[in-house]
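See structure below.
The values are calculated or read from the model by the stated rules, or taken from the named source; none is laboratory data. These numbers come from a predicted model, not from an experiment. Here the Cβ positions follow ideal geometry from the backbone for every residue, glycine too, while neighbour counts run over all protein chains shown. Areas reflect the complete protein model, heavy atoms only, side chains present, ligands, DNA and RNA absent. Shrake-Rupley method; radii C 1.70, N 1.55, O 1.52, S 1.80 Å.
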Amino acid sequence: MKLIANNLTKSFAEKEVLQSISLEAQSGQAMGLLGRNGAGKTTTIRIIMGVFPGDSGQITIDGEKINRDKFKIGYLPEERGLYPKKEILEQMTYLGVLKGMNSKDARKSSIKWLERLGMTEYTNKKLTTLSKGNQQKIQLAATLVSNPDIVILDEPFSGLDPVNAMLLKDVVKELIVEDKIVLFSSHQMNYIEEFCDNIAILNKGKIVLSGNLKEIKRSYDRSKMVVLSTQQDKIEEFCKTSLNKMVVGLDRTADGLMIQLDSASKKNEFLSLLSQQNYDIDGMYVYEPSLNDIFVEYTED
Amino acid sequence: MKQFINILKFEYGTYLKNKAFIIITILMMLIVGVGLTVPRIIDMVENKKGDTNVGDTDVDDTELPIVAFVDNFSTDIQASLTLFQEKLPDKEIVLVDIDESEIKKSVEEGKYESAVVVTGAKNYKYIVNDIKMYDTTRDSIKEIMIYKYRVDTMQSLGLSMDQTNDLLNVEIQGEVVQSGKDQFMNFIYTYVMVFALYIVIMLYGQLVASGVASEKSSRAMELLITSAKPSSLMFGKVIGIGLAGLTQMVLIISSGVISFILNKDFIDGSGMLSQVLDIPASTLVYMLIFFVLGYFIYAFMYAALASLASRVEDMTTLVMPVTLIFVVMFMVTMMSMSSGNVDSTLMKVCSFLPITSPMAMFVRITMGNVKFFEIIISIVLLIGSTLGIGYLASGIYRMGVLLYGKTPKPSEIFKMLKSSR
């Protein structure tokens, strides 16, 4: 199953919020939708969910126009919200019914998800009586009640303690294994790196970068080396004096000594020259930018 | 459609299961039911010592209160006593021959309920412990004294007994030919109905508004809007609450009706109330039509405006204009009713304007002169506008529920409405 959004545009009262957004998400994979606040993520998600139509562009599943009765979408909104004064099972069942289930199935599915998330004891409690973290889990359960084919998670990890975060990670991994399309939106880059094979970075209503995360990282110039050593001073000195032809930049970072070569092809030469010096070197690798760096690079003003 | 039914069921159930809603309903049922039983309870308490057979109002069985009678003036004291007894059939008049201070004492002690001391042709004293709220004896005695004075004077002028009786007990044969409506009789039930209409629209309209606003402020809307069509959400809510309100009203009215039937003899001995409540069926039909349409047109406006609020507090400000219009319309209607002129130009205009017609036209139907085709025009206009406002409201609602932050200005709302079409 493949979800494609093609050339979506949307304006609100003459303000262009989305300018030709195109996305692809494959079932059995998670796709990370990144962007700064106000970049257009929520609008994109809402168009995918059919809350309102885009001004132009289409959304297709396996080449056919999306039929939201056939393909159910589960949505965990960034702004969490359910009925505060209603019993948990009752409102989960209601949300399942709204998604087209009959009430018996919705009830069964609600109970199943409450069990999976370890929330059974709260089945007949009112939402307000729960702690924030537990409300968060209920919200997730409510997202998944309808057994959706497409799961959209907006900042799913915010407010969860490490144990609950682990539980959520397991659930997300299960969803991926179950061949669902998972759309992931978060500002916590480590989670995106952990789950998402593909990413799309939105900035000011445009996709500024999209594709396979590994390939994106690999596409960066591989001429930067990181050297881990207890003798950083000496190595730095050596680079400045003897290797000043190939080393064009030096930087001490928390990761280690960052050495910028003038070209990636000089890597081997650099390695052999350095190893001849017999410094105590713990490790050496080609630097790859983190998703965080990539994100900042593409979305900085 | 299925979705709409589900939402409707959910909303209806929400209120039926709501504790405050249940408590208010039961409380109102009790107030109405017990309230109508109060006359019976009073009757029971008062007749307790007299007889255990409470419902029986047979006069002969019960002991009549004794009224002491002293006449220091009339020549024929016996005739005077007979006259008093005749005119006060529910009292036992006893002639006594003791002085005033002693009578006072006896009345205080409860030996006599009260006492009448005739001291002159136009003078008397009425001695009583407490004057009750509805003490008719006081007025009766005054009337008897006037009657007696007239009889005595006419006879002293030389008229025979028959002549005086003829003069004093003259019976005039008259007949009222009524071509319009009896405004007085209609006034009472119209008043009650207009008041009920006011309360229903205000109460349930506000319930719709706060329902929408709280769904938005709790952000439950984020999920709802991605699960169901906004129009289903709005219509489901408005109709659901309407049905809940109808259920509540039916329960309260039934409680009143049952209580009224059970206690009819005690409340309505004279049959006056039954006469007032003898409402023509057509009026009830009109009432239902205006109740339903009035509720919908206002509930739609409330829902649309409340959808623009980010928080419940903002909602109150947003719906204020609608509430104000409604209150003004209520006052205008009430004032026209009490002035008796329900067919004034203002009321005529109001009875066709859809926002004001549910009350104004209803009052004109029951108390004024209005032609059948005028009623039909008014209802058709109202139905048309209700549908129109429902359509507009669902458009505003659709955008409103996704708006957070600053409340949009009216001009912005129009712009959005236009661009969303």
Rounded to one decimal in nm, the spacing of the 7 Å Cα→Cβ label points at B:V94 and B:K17 is 6.9
Among trypsin sites (Lys or Arg not before Pro) in segment A:230-277, those in a DSSP loop whose Cβ has at most 14 other Cβ atoms within 10 Å are A:K245
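So, R0 is 30 Å and r is the distance between the beta-carbons of B:L27 and B:K371; what FRET efficiency does that work out to, to 0.05?
Details: r = 43 Å, r/R0 = 1.42.
FRET efficiency, B:L27 to B:K371: 0.10.
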When the charge dipole of segment A:2-217 is computed with +1 on Lys and Arg Cβ and -1 on Asp and Glu Cβ about the Cα centre, the Cα farthest towards its positive end, among A:S186, A:M92, A:L23, belongs to A:M92
For chain B, longest principal axis from Cα atoms; helix B:19-47 axis from its Cα atoms; angle between them, nearest 10 degrees, is 10
Shape call for segment A:2-217, from the Cα gyration tensor axes a ≥ b ≥ c (a/c under 1.5 means rounded, otherwise prolate when a/b beats b/c, else oblate), comes out prolate
Measuring from the longest principal axis of the C-alpha atoms of chain B, the long axis of helix B:410-420 (C-alpha) lies at a number of degrees, nearest 10, equal to 50
Diffing segment A:156-168: the Karplus 3J(HN,Hα) column from phi (6.51, -1.76, 1.60, θ = phi - 60°), in whole Hz with x for Gly and Pro, holds x, 8, 5, x, 9, 6, x, 5, 5, 4, 4, 4, 5
Label model pair A:N292, B:L203: point-to-point distance (7 angstrom along the Cα→beta-carbon line) in nm is 6.0
With Cα springs under 10 Å, the Gaussian network model of chain A assigns the largest mean-square fluctuation among A:Y220, A:Y279, A:Y191 to A:Y279
For segment B:384-419, listing trypsin sites (Lys or Arg not before Pro) in a DSSP loop whose Cβ sees at most 13 other Cβ atoms within 10 Å gives B:K406
One finds the C-alpha centres of segment A:233-301 and segment B:273-338 to be spaced, in Å, by 77
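Compute the accessible area per residue over the protein assembly as shown, keeping the other protein chains in place, probe 1.4 Å, unit Å².
52
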To the nearest 0.05, the calculated FRET efficiency linking B:I41 and B:D166 through their beta-carbon distance, R0 being 45 Å, is 0.45
Per DSSP loop assignment and a cutoff of at most 15 other beta carbons within 10 Å, chain A keeps its longest run without exposed GluC sites (Glu not before Pro) at A:179-299
Here the relative contact order (percent) of segment B:108-224, from C-alpha pairs under 8 Å and at least 6 apart, is 11
From DSSP H assignment alone, runs of 4+ in chain A each adding -39500 (n - 2.57), the sum over residues rounded to the nearest 500 puts [θ] at 222 nm at -10500 deg cm²/dmol
Quick calc, the protein assembly as shown, dipole around Cα centre from Cβ unit charges on Lys, Arg (+) and Asp, Glu (-), nearest 20 debye, gives 3680
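Find me the longest stretch of chain B that has none of the exposed GluC sites (Glu not before Pro), where exposed means in a DSSP loop (not H, G, I, E or B) with at most 13 other Cβ atoms within 10 Å.
Within chain B, the longest run free of exposed GluC sites (Glu not before Pro) spans B:176-421.
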Distance in nm between B:N72 and A:T60 label points, each 7 Å along Cα→Cβ, equals 11.7
In terms of the alpha carbon gyration tensor, root eigenvalues a ≥ b ≥ c, rounded if a/c is under 1.5 and otherwise prolate when a/b exceeds b/c or oblate, the protein assembly as shown is prolate
Listed residues B:S307, B:S210, B:S411; largest mean-square fluctuation, Gaussian network over chain B with Cα springs below 10 Å, found at B:S411
Phi-derived 3J(HN,Hα) across segment A:202-208 with the Karplus relation (6.51, -1.76, 1.60, θ = phi - 60°), rounded Hz, x for Gly and Pro, is 9, 9, 6, x, 10, 7, 9
Chain A: relative contact order from alpha carbon pairs under 8 Å, six or more residues apart, as a whole percent, is 21
A student applying the Cα gyration tensor rule (rounded when a/c is under 1.5; otherwise prolate if a/b is larger than b/c, oblate if not) would label segment A:159-301 prolate
The size of the Cβ-based charge dipole (Lys, Arg +1; Asp, Glu -1) of chain A about the Cα centre, to the nearest 20 debye, is 1140
Expected max-MSF residue from B:S140, B:S336, B:S385 in the GNM of chain B (alpha carbon, under 10 Å) is B:S140
The set of residues whose placed amide H lies less than 5 Å from the amide H of A:I207, leaving out same-chain residues fewer than 5 positions away, is A:S22
Relative contact order in percent for chain B (Cα pairs under 8 Å, 6+ apart) equals 19
In debye to the nearest 20, the charge dipole size for segment A:104-154, taken about the Cα centre with +1 at each Lys and Arg Cβ and -1 at each Asp and Glu Cβ, equals 240
For segment A:65-135 the chymotrypsin sites (Phe, Trp or Tyr not before Pro) that pass both the DSSP coil test and the at-most-14 other-Cβ-within-10 Å test are none
One point scatterer per Cα, no solvent, Debye formula: log10 I(q)/I(0) for segment A:220-299 at q = 0.27 Å⁻¹ comes out as -1.48
Within the protein assembly as shown, the percent of DSSP beta bridges that are antiparallel, given to the nearest 5, stands at 60
With all protein chains present and a 1.4 Å probe, the order of A:I281, A:I61, B:I23 from largest accessible area down is B:I23, A:I281, A:I61
Which residues qualify? For B:I93, with a placed amide H closer than 5 Å and at least 5 residues away or on another chain, they are B:V67
Given the candidates A:I45, B:Q155, B:V117, the one whose Cα lies deepest towards the positive end of the charge dipole of the protein assembly as shown, counting +1 at each Lys or Arg C-beta and -1 at each Asp or Glu C-beta, is A:I45
Which of A:K112/B:K2; A:K125/B:K19; B:K105/B:K125; A:K112/B:K19 exceed 18 Å between C-alpha atoms? The answer is A:K112/B:K2; A:K112/B:K19
Out of A:G54, A:S272, A:L228 - ranked by how far each Cα lies towards the positive end of the dipole of chain A, with unit charges on the beta-carbon of charged residues - the top one is A:G54
